[in-house]
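**Q** The structure under discussion is supplied below as structure tokens; questions concerning it will follow.
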């Protein structure tokens, strides 16, 4: 896998259980083409985060196989980045130095890594906040720093586990738009876990619905809107129709009768 080249992903008949516990995932099969933006939605406990951890090589499948550009994730870690629900910034480092950290660990010279950090902070709209510490930043600003840090690796695969869940709707929507803008400038394949159907539809070109006990894929929706996507997309009937369709499928995955609904 080449850095900054979007990855292809193959998940083939994957199952996962921890020890003698019940199956967390069973018979999960899906593929991602280079540049796909995959959204994963489903009830709590359906294994969405476990699936991301399998893709990151942080755990291994109990059955089946996961490959990134034909190799197991543990051999591709240098070409993927993981953004968690919390920004996980080091509180004793400024925003700029938090972004620099992966480059420092890679042995990049100080002038080069400082310039790269400044460039990425500018891309996420924080060029004037580089000297601030995490305690001085809002939740949205912290997540922007986390995004900038993840992009220092020029990932072929970006894994995002509900990164905007704790933010208000306006900030979340703005960060969704920023994420797509950043992806246009430095393309990557993405897997994005969310409980917001509207967010999943706005971001993705393919959306997978999972059910729980055990976790499994029950539906795929192809989202037809071309990139780039403007904020006004959310106001269109076509967008609302796909949100309603995905919501109905999500209800079915919960065992509820299928019916239309809002995100």
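The values are calculated or read from the model by the stated rules, or taken from the named source; none is laboratory data. On a predicted model such as this, the values are computed, not experimentally measured, just so you know. A quick note on method: Cβ atoms are made from the backbone with ideal geometry, for glycine too, and the neighbour counts reach across all protein chains shown.
**Q** Out of the residues in region 104-120 that are closer than 21 Å to residue 157 by Cα and buried (at least 21 other Cβ atoms within 10 Å of the Cβ), state the one that is modelled with the highest pLDDT.
**A** Among them, the one singled out is 117.
**Q** Can you pull out the residues in region 202-226 that are at pLDDT 95 or above and either outside any strand (DSSP E or B) or at positive phi (or both)?
**A** Once the filter is applied, which keeps residues that are at pLDDT 95 or above and either outside any strand (DSSP E or B) or at positive phi (or both), region 202-226 yields 202, 203, 204, 205, 223, 224, 225, 226.
**Q** So, one more: Considering only residues that are touching a residue at least 40 places away in the same chain (Cβ under 8 Å), part of a strand (DSSP E or B) and surrounded by fewer than 21 Cβ atoms within 10 Å (Cβ to Cβ), which ones fall in region 27-48?
**A** Listed by number, the residues that qualify are 27, 29, 30.
**Q** Restricting attention to region 102-125, and to residues there that are in a loop (DSSP other than H, G, I, E, B) and touching a residue at least 24 places away in the same chain (Cβ under 8 Å), which single residue is nearest to residue 189 (Cα to Cα)? Walk me through it before giving the result.
**A** From region 102-125, those in a loop (DSSP other than H, G, I, E, B) are 106-109, 124-125; that's our starting set.
This time we only want the ones that are touching a residue at least 24 places away in the same chain (Cβ under 8 Å), so: 124-125.
Values: 124: 19, 125: 22 Å.
Checking each candidate, the answer is 124.
**Q** For region 141-150, indicate whether the set of residues that are surrounded by fewer than 19 Cβ atoms within 10 Å (Cβ to Cβ) and either assigned to a loop (DSSP other than H, G, I, E, B) or without any contact (Cβ under 8 Å) to a residue 40 or more places away in the chain (or both) is non-empty.
**A** No: region 141-150 contains no residue that is surrounded by fewer than 19 Cβ atoms within 10 Å (Cβ to Cβ) and either assigned to a loop (DSSP other than H, G, I, E, B) or without any contact (Cβ under 8 Å) to a residue 40 or more places away in the chain (or both).
**Q** Does residue 155 satisfy being farther than 14 Å from residue 87 by Cβ, modelled with pLDDT of 90 or more and out of contact with any strand residue (DSSP E or B) (no Cβ under 7 Å at 6 or more places or on another chain)?
**A** Details: farther than 14 Å from residue 87 by Cβ: yes; modelled with pLDDT of 90 or more: yes; out of contact with any strand residue (DSSP E or B) (no Cβ under 7 Å at 6 or more places or on another chain): no.
Criteria not met by residue 155.
**Q** Looking only at residues in region 121-138 that are touching a helix residue (DSSP H, G or I) at 6+ places or on another chain (Cβ under 7 Å) and loosely packed, with under 14 Cβ neighbours inside 10 Å, which one is modelled with the highest pLDDT?
**A** Per the stated criteria, the residue is 131.
**Q** Could I ask something else about it? Identify the residue in region 73-96 that is within 18 Å of the chain's Cα centre (by Cα) and not in a loop (DSSP other than H, G, I, E, B) and, among all such residues, is nearest to residue 143 (Cα to Cα).
**A** Once the filter is applied, the top-ranked residue is 83.
**Q** Conditions: (1) surrounded by fewer than 22 Cβ atoms within 10 Å (Cβ to Cβ); (2) farther than 15 Å from residue 250 by Cβ; (3) in contact with a helix residue (DSSP H, G or I) (Cβ under 8 Å, 6 or more places away or on another chain); (4) touching a residue at least 24 places away in the same chain (Cβ under 8 Å). Residue 225 meets all but one. Number of the miss?
**A** Among (1) surrounded by fewer than 22 Cβ atoms within 10 Å (Cβ to Cβ); (2) farther than 15 Å from residue 250 by Cβ; (3) in contact with a helix residue (DSSP H, G or I) (Cβ under 8 Å, 6 or more places away or on another chain); (4) touching a residue at least 24 places away in the same chain (Cβ under 8 Å), residue 225 violates only (4).
**Q** Checking residue 180 against (1) under 19 Å from the mean Cα position of the chain (by Cα); (2) without any contact (Cβ under 8 Å) to a residue 24 or more places away in the chain, which single condition isn't satisfied?
**A** Unmet condition: (2).
**Q** Looking only at region 228-247, how many residues end up being surrounded by fewer than 19 Cβ atoms within 10 Å (Cβ to Cβ) and in a helix (DSSP H, G or I)?
**A** 12
**Q** Next question, about the same structure. Scan 99, 24, 66 and give me the residue that is in a strand (DSSP E or B), in contact with a helix residue (DSSP H, G or I) (Cβ under 7 Å, 6 or more places away or on another chain) and free of Cβ contacts under 8 Å to residues at least 60 places away in the same chain. Steps first, please.
**A** On the way: 99 fails: in a strand (DSSP E or B); 24 fails: free of Cβ contacts under 8 Å to residues at least 60 places away in the same chain.
Exactly one of 99, 24, 66 is in a strand (DSSP E or B), in contact with a helix residue (DSSP H, G or I) (Cβ under 7 Å, 6 or more places away or on another chain) and free of Cβ contacts under 8 Å to residues at least 60 places away in the same chain, namely 66.
**Q** Which residues, taken from region 172-205, are surrounded by fewer than 17 Cβ atoms within 10 Å (Cβ to Cβ) and out of contact with any helix residue (DSSP H, G or I) (no Cβ under 8 Å at 6 or more places or on another chain)?
**A** Of everything in region 172-205, those that are surrounded by fewer than 17 Cβ atoms within 10 Å (Cβ to Cβ) and out of contact with any helix residue (DSSP H, G or I) (no Cβ under 8 Å at 6 or more places or on another chain) turn out to be 181, 184, 187, 195.
**Q** For region 152-170, check the following and say yes or no: at least one residue is surrounded by 17 or more Cβ atoms within 10 Å (Cβ to Cβ) and part of a helix (DSSP H, G or I).
**A** Looking for residues that are surrounded by 17 or more Cβ atoms within 10 Å (Cβ to Cβ) and part of a helix (DSSP H, G or I), one finds none in region 152-170, hence no.
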